[in-house]
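Enquirer: Questions regarding the structure given below will be posed in turn.
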Amino acid sequence: MLKASKVHFCIRQRPIVDEVSLELNPGEILAVLGPNGAGKSTFFKILSGEIKCKHGAIGYNGHDIYTLKSRELAEVRAVMPQHTQVNFPFTVQEVVELGLISTKAKDPSKLIREVLEATNTTHLKDQVFNTLSGGEKQRVQLARVLVQIWEAKPFPRYLLLDEPTSSLDIAQQHAVLKILETLKSRNIGILVILHELNLAAQYADKIALLKNGMIAKTGTVEDVLEEEILAHVFDHPIHLIPNPATGGVFVSSAASSHPNIQTFKQA
């Protein structure tokens, strides 16, 4: 289990993440949703070990994150941040191979081949990464992260992704989420930050709503997707419509009927 307990982080005495507790079990997808400035990316960085929380604890399979060595942490979690730069003229295959640096793979070539196929980037493998489009770069970075945990292991592992579908078209967004679905059967838990509520409604097992650095609500998709709480979190009217294609709900928003609500809010 990946467990966050009362995680707190401030910048200049301003709480960015405020007493957040969360659990992610292997075999499930947890979608973290919330408006801009809710603290999602900061919380993500704390979970991944990139920054240290001022108070609280992060545990991976019962081990405190700060007691794990870098290689030990890499064995149990893989991370795809929102933005990643490549400052050298690496080819796509070389970028993906970077995901194997901290792991001991039995058949690296097989892993590289499989993740390139899964992310539909095989045809790009000899191209220089920095010549690709934004969407192509995002799929290659996903392949780099996937190769770190693609090989079966006897212990639970975790995949953390910060807006992995932001530069992708509709078909590619669903392709990425379907890849994540297949990982659940490999004893892997997935935490993904999303902006698209309908992707979360269709693919997530659990949802955590963040607002002002705090958990507004967390639980199963059915428990969390309620019009009142969503409208509160996003400061906008939300309507839930039965989705006959999925058996779930379709999340719809319309122009606000309240003219006194500000179009843009001060950050």
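Enquirer: Return the sequence-ordered ³J(HN,Hα) values of the range 155-162 in whole Hz as given by the Karplus equation 6.51 cos²θ - 1.76 cosθ + 1.60 applied to θ = phi - 60°, using x for Gly and Pro.
Expert: Here the 3J(HN,Hα) series is 10, x, 9, 9, 10, 10, 10, 9 Hz.
Enquirer: Treating the beta-carbon of each Lys and Arg as +1 and of each Asp and Glu as -1, no other charges, what is the dipole magnitude of the chain about its Cα centre, to the nearest 20 debye?
Expert: 840 debye
Enquirer: Which whole-Hz ³J(HN,Hα) couplings does the range 180-193 yield from phi under the Karplus relation 6.51 cos²θ - 1.76 cosθ + 1.60, θ = phi - 60°, glycine and proline marked x?
Expert: Listing the rounded values in order: 4, 4, 5, 5, 4, 6, 9, 6, 10, x, 10, 10, 9, 8 Hz.
Enquirer: Counting DSSP beta bridges in the range 122-267, what percent are antiparallel, to the nearest 5?
Expert: So the antiparallel bridges in the range 122-267 amount to around 65 percent.
Enquirer: Need one number: % antiparallel among DSSP beta bridges in the chain, to the nearest 5.
Expert: 60 percent
Enquirer: Same structure, new question: Once amide H atoms are placed 1.01 Å from N in the peptide plane, what residues at a sequence separation of 5 or more from GLY248, or on another chain, have their amide H within under 5 Å of its amide H?
Expert: ASN243
Enquirer: Expressed as an acute angle from 0 to 90° and rounded to the nearest 10, what is the orientation of the C-alpha long axis of helix 108-118 relative to the principal long axis of the chain?
Expert: Once rounded, the angle reads 40 degrees.
Enquirer: Running Debye on the chain with equal point scatterers at the Cα sites and no solvent, what base-10 log of I(q)/I(0) appears at q = 0.12 Å⁻¹?
Expert: The Cα Debye sum returns log10 ratios of -0.76.
Enquirer: In what sequence, highest mean first, do 170-181, 16-27, 38-49 appear when ranked by Cβ atoms within 10 angstrom?
Expert: Highest-to-lowest ranking by the protection proxy: 38-49, 16-27, 170-181.
Enquirer: Spelling out what I want: for every residue of the range 202-217, take phi, set θ = phi - 60°, compute 6.51 cos²θ - 1.76 cosθ + 1.60 (Karplus), and round to whole Hz; glycine and proline get x.
Expert: Each residue's phi maps through the Karplus curve to give 8, 10, 7, 8, 9, 10, 10, 9, 10, 8, 6, x, 10, 6, 7, 6 Hz.
Values quoted throughout were computed directly from the atomic coordinates according to the rules given, and no laboratory measurement underlies them. Please read these numbers as outputs of a predicted model, since none were measured by experiment. Neighbour counts are summed over all protein chains in view; Cβ atoms, including those assigned to glycine, are modelled from backbone coordinates with ideal geometry.
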